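Inspection log for the structure reproduced underneath, given as structure tokens.
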Amino acid sequence: MNIETRVTGFIEENCYLVSHPDTRQAVVIDPGDDAPQLIAWLKETGVTVVAYLLTHGHVDHLTALAGLCDVFPAPIHVHPDDAAWCFSSRNNLPGFYEAPRTPRSPVVSAPDGAVFELAGARWTVLATPGHTPGGICWRLEPDRALFTGDTLFRGAAGRTDLPGGDPRALTRSLRKLATLDGDWTVYPGHGEATTLARERRDNYFMQG
């Protein structure tokens, strides 16, 4: 699978485009901001968007979603615990982001362990609450790629001082990631990509 990144918004959130090299079907992960630029990017690539995958519900990870769905309609996959509030007035960042507009695309529940066949690839949901109640990681099985949202970063981990954050839950989630078999390429919600092996070795928050 082809994995491309665009950094969006003033918080520099990573939006990922994962596409099949032959069919050009694609999923978009966490379209955070800058909808016009993301729409232009998707048109340039010539892909067919078949799904949107959210790692969690915070506004900086989905502000562009409604705009993208207007042009490239496709189902939105999100954990039910975050779907309950992510398109409501509760999900704003005063002074920076207003609550996001509700997209016109259907919302698909993505609970722990759910498996989806999307864009010619197998995607598995790994529940990793702590940053938000419904935080999840998306495992792209054939490529051993792990999209961690704001659960795990290169050398750091997600904050838990926002509404719904739970430091004990995040600790359990990081331990869960540490026990995954073998190595995975980690694509976080902010910052540079890394590997699970590197984070197990060097990341203080993965030390248990």
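The values are calculated or read from the model by the stated rules, or taken from the named source; none is laboratory data. Source: prediction; values computed, not measured. So basically every Cβ, Gly included, is an ideal-geometry build from the backbone, and we count neighbours across all protein chains shown.
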Practice problem: Residue by residue through region 18-48, note down the ones that are under 14 Å from A66 (Cα atoms) and either assigned to a strand (DSSP E or B) or hydroxyl-bearing (S, T, Y) (or both). | Solution: V28, I29
Quiz prompt | Residues that are loosely packed, with under 14 Cβ neighbours inside 10 Å and at pLDDT below 95, drawn from region 1-20 | solution = F10
Exercise. Please identify the pairs in which a residue from region 116-134 that is farther than 14 Å from R172 by Cβ and modelled with pLDDT under 95 has its Cβ atom under 6 Å from the Cβ atom of a residue that is surrounded by 21 or more Cβ atoms within 10 Å (Cβ to Cβ) and of a type in the set (S, T, Y), counting only partners at least 6 apart or on another chain.
Key: none
Practice problem: Identify the single condition in (1) without any contact (Cβ under 8 Å) to a residue 60 or more places away in the chain; (2) of a type in the set (A, V, I, L, M); (3) within 15 Å of T5 (Cα to Cα) that I29 does not satisfy, given that it satisfies every other one. | Solution: (1)
Quiz prompt | Checklist (1) among the β-branched types (V, I, T); (2) more than 18 Å from H77 (Cβ to Cβ); (3) in contact (Cβ under 8 Å) with a residue 24 or more places away in the chain applied to T151, failing item | solution = (2)
Quiz item: Which one of these is closer than 26 Å to G191 by Cα, among the small types (G, A, S), modelled with pLDDT of 95 or more and outside any helix (DSSP H, G or I): A99, A51?
Solution: A51
Quiz item: How about region 179-202: which of its residues are at pLDDT below 95 and either touching a strand residue (DSSP E or B) at 6+ places or on another chain (Cβ under 8 Å) or of a type in the set (G, A, S) (or both)?
Solution: G182
